[in-house]
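First comes the structure, then the notes that go with it.
Any read-out appearing in this document is the output of simple, stated calculations on the displayed coordinates, not a laboratory observation. For clarity, every value in this text was computed on a predicted model and none was experimentally measured. Every residue, glycine among them, receives a Cβ derived from its backbone with ideal geometry; neighbour counts consider all protein chains shown.
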Amino acid sequence: MALMFAAVVAGGVAVLSSPVIRAFGDDPGRVNTWVCYPPFVWLPAVMVMAAVFGHVTVARRLLAERGRTRDLAP
C-alpha cells in the first residue's frame, strides 16, 4: 500500500510541475519542460505504459500460480 501511495505522490508532483499547470512557479528550474522534447517524450507516453503492463502481467501470473498451488496442496 505504501508503494501505491508513493507512486500517486510522484505522479501528482509530475503533473503539477508540468508546463501546463506550473503549480511550483514559472522558474524554468521548477518546470518539467524536458518531457516535451524527443527522446524524452517516450518516457511518459510509451515506457511508463510498458512498465505498468509488465507489472500487471506478472501480478496476474503470480496470482494464478498461487491459486493453482492451493488446489494441489493436501
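Table: residues versus (1) in contact with a Ser or Thr (Cβ under 8 Å, 6 or more places away or on another chain); (2) surrounded by 10 or more Cβ atoms within 10 Å (Cβ to Cβ).
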residue	(1), (2)
Ala2	no, no
Ala7	no, yes
Ala14	no, yes
Ser18	no, yes
Ile21	no, yes
Pro28	no, no
Val31	yes, yes
Pro38	no, no
Val41	no, yes
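Before we move on, is Arg66 surrounded by fewer than 10 Cβ atoms within 10 Å (Cβ to Cβ) and assigned to a helix (DSSP H, G or I)?
Taking the combined requirement at face value, the residue satisfies it.
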